[in-house]
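The values are calculated or read from the model by the stated rules, or taken from the named source; none is laboratory data. Predicted model, so just to flag it, every value in this text is computed and none were measured. Virtual Cβ from ideal backbone geometry, glycine too; neighbours counted across all protein chains shown.
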Amino acid sequence: MKRAMLVLLIVGAAVAFGGRATAHHSFAATYLEDQTVTIEGELVQFLFRNPHSFVHVMVTEKDGSKVRYAVEWGGAGQLGGQGVTRETLKPGDFVQISGSPGRNPADHRVRMVTLFRPKDGFGWGRRPGEVVD
């Protein structure tokens, strides 16, 4: 009887806690979600991948120094459903990005809210559903 009760308890726990988690991390732990920054510069690298893609941009700061920013974007699956592919952005593209700054300014991180490429008018983040999950 005790063995059957133990098996039932283990099975019950597996059912109760075995579901898929809906969130893998908190953006609030990394980014200041109540603030917005805008950066612009030359795209250095576009990492189109899951769970999150990254855009690396070389930005010329006010003092003339160049700083590489890492901009966190949606995953490849999410972006692909919105028409973005690994061919959408290329090194050398000039882009303007707005987003939430990282909590540690020395990291030069941004969580993407909008992206705009002036040369052809490509944009992301202004239409319904275009958000980083």
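Odds and ends about this structure:
- Looking across segment 32-67 at every residue that is charged (D, E, K, R) and assigned to a loop (DSSP other than H, G, I, E, B), the one that is nearest to residue 81 (Cα to Cα) is identified as 49.
- Search result, residues across segment 87-126 that are without any contact (Cβ under 8 Å) to a residue 40 or more places away in the chain, part of a loop (DSSP other than H, G, I, E, B) and among the charged types (D, E, K, R): 87, 119, 120, 126
- All positions within segment 104-133 that are basic (Lys, Arg) and at pLDDT below 95: 126, 127
- When residues of segment 71-128 are limited to those that are under 24 Å from residue 28 (Cβ atoms) and among the polar types (S, T, N, Q), the one surrounded by the fewest Cβ atoms within 10 Å (Cβ to Cβ): 104
- Breaking point among (1) in contact with an Asp or Glu (Cβ under 8 Å, 6 or more places away or on another chain); (2) modelled with pLDDT of 95 or more, for residue 84: (1)
- Any chance residue 131 is β-branched (Val, Ile, Thr), within 19 Å of residue 27 (Cβ to Cβ), within 14 Å of the chain's Cα centre (by Cα) and part of a loop (DSSP other than H, G, I, E, B): yes
- Residue check, residue 99 under 16 Å from the mean Cα position of the chain (by Cα), small (Gly, Ala, Ser) and under 14 Å from residue 41 (Cβ atoms): yes
- Filter result for the condition that a residue is closer than 28 Å to residue 34 by Cβ, touching a Gly at 6+ places or on another chain (Cβ under 8 Å) and among the basic types (Lys, Arg), over 68, 126, 109: 109
- So residue 14, is it assigned to a helix (DSSP H, G or I) and modelled with pLDDT under 95: yes
- Taking every residue in segment 20-36 that is surrounded by 10 or more Cβ atoms within 10 Å (Cβ to Cβ) and pairing it with any residue that is modelled with pLDDT of 80 or more and assigned to a loop (DSSP other than H, G, I, E, B), at least 6 positions away or on another chain, the pairs with Cβ-Cβ distances below 7 Å are 27/33; 30/103; 31/103; 32/103.
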